[in-house]
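Worksheet for the structure shown next.
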Amino acid sequence: MKTFEKLKAQLNHDLMPVHVAVIMDGNGRWAKKKGAGRLFGHKSGARSVRAIVEASVEIGIKYLTVYAFSTENWSRPESEVKGLLNLILNSLIEEIEELSENNIRVSFIGSDKNISTDYSEKVKKECEKTKDNTGLNFIVAMNYGGKIELLDAVKKMIPDIKKGNITADNLTEATFESHLYTTDIPDPDLLIRTSGEIRLSNFLIWQSAYAELYFTDILWPDFDKVAFLEAILEYQNRKRRFGGI
Ligand code: IPE
Ligand code: IPE
Ligand code: MG
């Protein structure tokens, strides 16, 4: 049997991904298979988040980003949207102490649009508690969309463009990136998506330009530490060329 410890022993510590990003998909289908409601699926999915955060700490991952709610997810029934937003905030509040004790720095990335000030303030207050931690950077993509992030970056640059600080001649990828939600976060090396869907669904579209993509049929609530290590081991077998030979 593949155990976490056995797989962990196979890791090559010189080839660890610095940043792992995860599209946590399949909660609804998992719940349906069990004859339960979609929110039960989301609640069960929260356990998998906990498991991969723990695994990331144990194997020394520096950045872990999880896609919790997309700008497209507002199109779901209101009850599901409300349930998801509450679950994300309540899990954060419940877990923050333990996360902080484990030296984890928590932050949220995403758009402010459609999110109440009260909600953002609560998130900010919890994240603040972990700001001096130096271990795993745990990033929650919440109300996140890659396209709106790119537009927001352009909007943020407009004042500097007007002042002539940013011009067609001096605008670089680095300057552009410094206006993304992910300033100070390195690009993901490995991007995992569960549930058998083979698409990015507007997740980190700029940052994933050279990410290694890993797709598994496992539904998110069934994704555990062993499945996570299997993804990392597969990543370590990939040949990254970045356009070279
Ligand atoms: C992923 O599970 C969680 C979110 C998108 C918030 P889904 O809710 O998309 O589950 P499926 O894809 O319907 O099974
Ligand atoms: C992507 O999953 C968004 C999150 C995991 C938060 P979706 O279930 O929303 O994606 P689509 O609709 O299948 O592309
Ligand atoms: Mg889905």
Inset, instruction - Answer with yes or no whether Glu149 is part of a loop (DSSP other than H, G, I, E, B) and touching a residue at least 40 places away in the same chain (Cβ under 8 Å). - result: no
Inset, instruction - Could you please let me know if Ser201 is more than 16 Å from ligand 1 (Cβ to nearest atom), within 15 Å of Gly146 (Cβ to Cβ) and modelled with pLDDT of 95 or more? - result: no
Legend entry - Search result, residues across region 1-24 that are under 29 Å from Ala209 (Cβ atoms) and acidic (Asp, Glu): Asp14
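Looking only at region 204-223, count how many residues are within 16 Å of ligand 1 (Cβ to nearest atom) and of a type outside the set (S, T, N, Q).
To start, the set of residues in region 204-223 that are within 16 Å of ligand 1 (Cβ to nearest atom) comprises 204, 215-223.
Checking the rest, the ones that are also of a type outside the set (S, T, N, Q) come to 204, 215, 217-223.
So the count comes out to 9.
What are the residues in region 103-118 that are buried (at least 16 other Cβ atoms within 10 Å of the Cβ) and not β-branched (Val, Ile, Thr), if any? Working first, answer last.
First, pick out the residues of region 103-118 that are buried (at least 16 other Cβ atoms within 10 Å of the Cβ): 104-111, 115.
Hits for region 103-118 are Arg105, Ser107, Phe108, Gly110, Ser111.
Within region 43-77, which residues are of a type outside the set (Gly, Ala, Ser) and over 19 Å from Asn137 (Cα atoms)?
Of all residues in region 43-77, those of a type outside the set (Gly, Ala, Ser) come to 43, 47, 49-50, 52-54, 57-59, 61-67, 69, 71-74, 76-77.
Hits for region 43-77 are Lys43, Thr71, Glu72, Asn73, Trp74, Arg76, Pro77.
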Inset, instruction - Name the residue, out of Lys34, Lys122, that is away from ligand 1 (no atom under 16 Å from the Cβ), farther than 22 Å from Asp184 by Cβ and not hydrophobic (A, V, I, L, M, F, W, C). - result: Lys122
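Within region 1-89, considering only helices (runs of 4 or more DSSP H) that don't extend past its boundaries, which have at least 2 residues that are surrounded by 18 or more Cβ atoms within 10 Å (Cβ to Cβ), within 12 Å of ligand 2 (Cβ to nearest atom) and modelled with pLDDT of 95 or more? Show your work before the answer.
On the way: elements: 4-9, 27-33, 38-59.
Helices (runs of 4 or more DSSP H) meeting the threshold: 27-33, 38-59.
I need a count of the residues in region 187-245 that are outside any strand (DSSP E or B), of a type in the set (Lys, Arg) and within 26 Å of Lys2 (Cα to Cα). Step through it out loud before you land on a result.
First, the residues of region 187-245 that are outside any strand (DSSP E or B): 187-189, 194-211, 216-245.
Narrowing the set further to residues that are of a type in the set (Lys, Arg) leaves 199, 225, 238-241.
Restricting the remaining residues to those that are within 26 Å of Lys2 (Cα to Cα) gives 225, 238-239.
Counting residues in region 187-245 that are outside any strand (DSSP E or B), of a type in the set (Lys, Arg) and within 26 Å of Lys2 (Cα to Cα) gives 3.
The values are calculated or read from the model by the stated rules, or taken from the named source; none is laboratory data. Fair warning: this is a prediction, and the values are worked out from it, not measured in the lab. Positions of Cβ are backbone-derived with ideal geometry, glycine not excepted, and every protein chain shown enters the neighbour counts.
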